[in-house]
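A.B. asks: My structure is below; once you've seen it, I'll send some questions.
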Amino acid sequence: MSSATKPDQALPAEHLPALIAELAGKSDLVWVAVSGRPPQALWNIWHDAAIAVVTGGIEQRDPGLVDSATVEVILRSKENRARQASVMATVEHLTPGSDAWKSAASALHPKRLNPPDGEAQPQRWAKESALWLLRPTAQVTEQPGAMSDSAHRAEPVATDATTSARKPFHAGKTTKKRRRRR
């Protein structure tokens with residue numbers, strides 16, 4: 001992010017926490033990769049020096065946070081949506097009713113777009129959803145100046161599906177017979 005960063009140099013370690021906080025705070029979306037699974041997009045907020053997310057119920061699907069102690073969080077730029085950094089984070093489940101849960105819920109609640117139950121949303125979260133804090137660690141796997149050469153593309157899922165040998169009929173298509181007559 002700094003104009004002084006050269007493409008072949010990683011950021012100094014003392015700048016990484018500020019970079020992570022800035023990227024996570026500006027973007028409403030992070031990608032979370034859990035133990036070898038493909039990354040999943042999660043809407044989030046930056047709260048209490050951590051990434052706060054809500055999963056379960058009618059909210060976003062849990063990418064496997066229940067079974068993980070650490071995850072990889074991929075942070076993107078809000079301006080151009082490009083991958084900016086990847087950092088390992090510890091997973092902390094918040095117990096409904098605890099002070100940490102109330103604080104995170106009150107911060108997440110106004111950021112949730114179009115909640116079906118309006119102001120009763122935090123009560124629904126306490127019943128059917130889980131609130132998580134993903135706390136970034138010092139282990140940064142990618143950063144400006146030290147990005148992976150990988151394209152980060154997911155491998156296609158194996159399937160038995162095939163294409164048909166013959167294309168289906170399309171209305172309005174000129175047939176070979178009609179073309180010869182002209």
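A.B. asks: For segment 1-49, which positions are of a type in the set (Ser, Thr, Tyr) and at pLDDT 85 or above?
C.D. replies: Taking segment 1-49 and keeping what is of a type in the set (Ser, Thr, Tyr), we get 2-3, 5, 27, 35.
Ser35 - this is the single residue of segment 1-49 that is of a type in the set (Ser, Thr, Tyr) and at pLDDT 85 or above.
A.B. asks: Could you grab the pairs with beta carbons closer than 9 Å, sequence gap of 6+ or different chains, first residue in segment 62-80 and more than 25 Å from Leu19 (Cα to Cα), second one at pLDDT below 90 and not polar (S, T, N, Q)?
C.D. replies: Partner pairs satisfying both residue conditions: Gly64/Arg37.
A.B. asks: Here is a list of conditions, (1) touching a residue at least 40 places away in the same chain (Cβ under 8 Å); (2) touching a Ser or Thr at 6+ places or on another chain (Cβ under 7 Å); (3) under 27 Å from Asp117 (Cα atoms), and Val53 meets all of them except one; can you say which number that is?
C.D. replies: Against the list (1) touching a residue at least 40 places away in the same chain (Cβ under 8 Å); (2) touching a Ser or Thr at 6+ places or on another chain (Cβ under 7 Å); (3) under 27 Å from Asp117 (Cα atoms), Val53 comes up short only on (2).
A.B. asks: So Val66 fits all but one of (1) in contact with a helix residue (DSSP H, G or I) (Cβ under 9 Å, 6 or more places away or on another chain); (2) within 30 Å of Glu155 (Cα to Cα); what number is the exception?
C.D. replies: The number of the failed condition is (1).
A.B. asks: Being modelled with pLDDT of 80 or more, more than 28 Å from Val157 (Cα to Cα) and small (Gly, Ala, Ser): is that true of Ala52 here?
C.D. replies: Working: modelled with pLDDT of 80 or more: yes; more than 28 Å from Val157 (Cα to Cα): yes; small (Gly, Ala, Ser): yes.
So Ala52 passes the test.
The values are calculated or read from the model by the stated rules, or taken from the named source; none is laboratory data. What you are looking at is a predicted structure, and each value in this text was computed from that prediction instead of being measured. Positions of Cβ are backbone-derived with ideal geometry, glycine not excepted, and every protein chain shown enters the neighbour counts.
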